[in-house]
1. Kindly list the number of the only condition in (1) closer than 30 Å to B:Asn87 by Cα; (2) under 14 Å from the mean Cα position of the chain (by Cα); (3) crowded, with 16+ Cβ neighbours inside 10 Å that fails for A:Tyr89.
2. Please verify whether segment A:39-61 includes one or more residues that are farther than 17 Å from B:Lys30 by Cα, out of contact with any helix residue (DSSP H, G or I) (no Cβ under 7 Å at 6 or more places or on another chain), aromatic (Phe, Trp, Tyr) and surrounded by 17 or more Cβ atoms within 10 Å (Cβ to Cβ).
3. Cβ-Cβ under 7 Å, sequence separation 6+ or interchain: first residue in segment B:1-13 and in contact (Cβ under 8 Å) with a residue 12 or more places away in the chain and at the interface with chain A (Cβ under 7 Å from one of its Cβ atoms), partner assigned to a strand (DSSP E or B) and among the hydroxyl-bearing types (Ser, Thr, Tyr). Which pairs?
4. Of (1) more than 14 Å from the chain's Cα centre (by Cα); (2) more than 27 Å from B:Asp63 (Cβ to Cβ); (3) within 13 Å of another protein chain (Cβ to nearest Cβ), A:Asp18 satisfies all except one. Which?
5. Within the set of pairs 6 or more residues apart or between chains, which connect a residue that is more than 10 Å from A:Arg15 (Cβ to Cβ) and aliphatic (A, V, I, L, M) inside segment A:57-73 to a residue that is open to solvent by 50 Å² or more (accessible area, probe 1.4 Å) and modelled with pLDDT under 95 with Cβ atoms less than 8 Å apart?
6. Tell me which of these B:Ala36 doesn't satisfy, since it passes every other one: (1) among the small types (Gly, Ala, Ser); (2) more than 17 Å from A:Leu31 (Cα to Cα); (3) touching a Gly at 6+ places or on another chain (Cβ under 9 Å).
7. Which condition breaks for B:Ile35 when tested against (1) within 30 Å of A:Thr71 (Cβ to Cβ); (2) without any contact (Cβ under 8 Å) to a residue 24 or more places away in the chain?
2 protein chains.
Amino acid sequence: MVSSADVNGTEVYSRTGDHLGEIDHLMIDKLSGQIAYAVMTFGGFLGLGEGSHPVPWKKLSYDTSLGGFVTDITQEQLTGAPTWGDNWYEDRDYQRRSYDYYGVSPYWL
Amino acid sequence: MVSSADVNGTEVYSRTGDHLGEIDHLMIDKLSGQIAYAVMTFGGFLGLGEGSHPVPWKKLSYDTSLGGFVTDITQEQLTGAPTWGDNWYEDRDYQRRSYDYYGVSPYWL
């Protein structure tokens, strides 16, 4: 298990070990206690978009040897991801689109 | 949904609105993305034990009007809870005992 106090700021790497960015915070479904999204920040490295991107939690796996998360998300996936509004974390339509887009099963079922 | 950045430090109240303590951090099951425990700190109010106590996440519900979590955990429950060692968050035996003790279904099934 990992502490929520340690997750914010944790580094995120690609499958090939490149540093992609870090986790800014997690969005937690209060009812189920399920983490729905990791909001990641990218510095523009490898052409990944700068700024914050909500990414389904299931796209991240923790690597104890790296001390960070690993994801197979690509630049193409990020730049082509469904756009989100200010209330994306309360917008089930957006969540359905983004989970479908990243090919992971919904957290809410 | 709620941000992990906002959860740490969130106040916790009893069913009758008494302030019990606050959430220090959450323990997250990395594989499933499920929050397993909220580690709460109590100040000794109402006779609740001081210090940190791991509490199954399912014992907390968020109350938007209070801006905090509500729990029905009692002083008797806290003081009689199964003891935990330093590695409680990796100790499935302890987790089984505490989830059973608080009468909530396991997060790992």
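The values are calculated or read from the model by the stated rules, or taken from the named source; none is laboratory data. These numbers come from a predicted model, not from an experiment. Every residue, glycine as well, gets a Cβ built from its backbone with ideal geometry; the counts of neighbours run over all protein chains shown. The protein model used for the area step is the full one, side chains on, heavy atoms only, and it has no ligands, DNA or RNA in it. Shrake-Rupley method; radii C 1.70, N 1.55, O 1.52, S 1.80 Å.
1. Failed condition: (1).
2. From segment A:39-61, those farther than 17 Å from B:Lys30 by Cα are A:41-54; that's our starting set.
Cutting the leftovers down to out of contact with any helix residue (DSSP H, G or I) (no Cβ under 7 Å at 6 or more places or on another chain) gives us A:41-45, A:50-52.
Narrowing further to those that are aromatic (Phe, Trp, Tyr): A:42, A:45.
Remaining after also requiring surrounded by 17 or more Cβ atoms within 10 Å (Cβ to Cβ): A:42.
Taking every residue of segment A:39-61 in turn, at least one turns out to be farther than 17 Å from B:Lys30 by Cα, out of contact with any helix residue (DSSP H, G or I) (no Cβ under 7 Å at 6 or more places or on another chain), aromatic (Phe, Trp, Tyr) and surrounded by 17 or more Cβ atoms within 10 Å (Cβ to Cβ).
3. Listed pairs, sorted by first residue: B:Val2/B:Tyr62.
4. That leaves (3) as the condition not met.
5. Short answer, once both residue conditions are applied: A:Leu66/A:Glu11.
6. Just one mismatch for B:Ala36, condition (2).
7. Failed condition: (2).
A quick yes/no check of all residues on (1) out of contact with any Lys or Arg (no Cβ under 7 Å at 6 or more places or on another chain); (2) open to solvent by 20 Å² or more (accessible area, probe 1.4 Å); (3) within 14 Å of chain A (Cβ to nearest Cβ):
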position	(1), (2), (3)
B:Glu22	yes, yes, yes
B:His25	yes, yes, yes
B:Ile73	no, no, no
B:Thr83	yes, yes, no
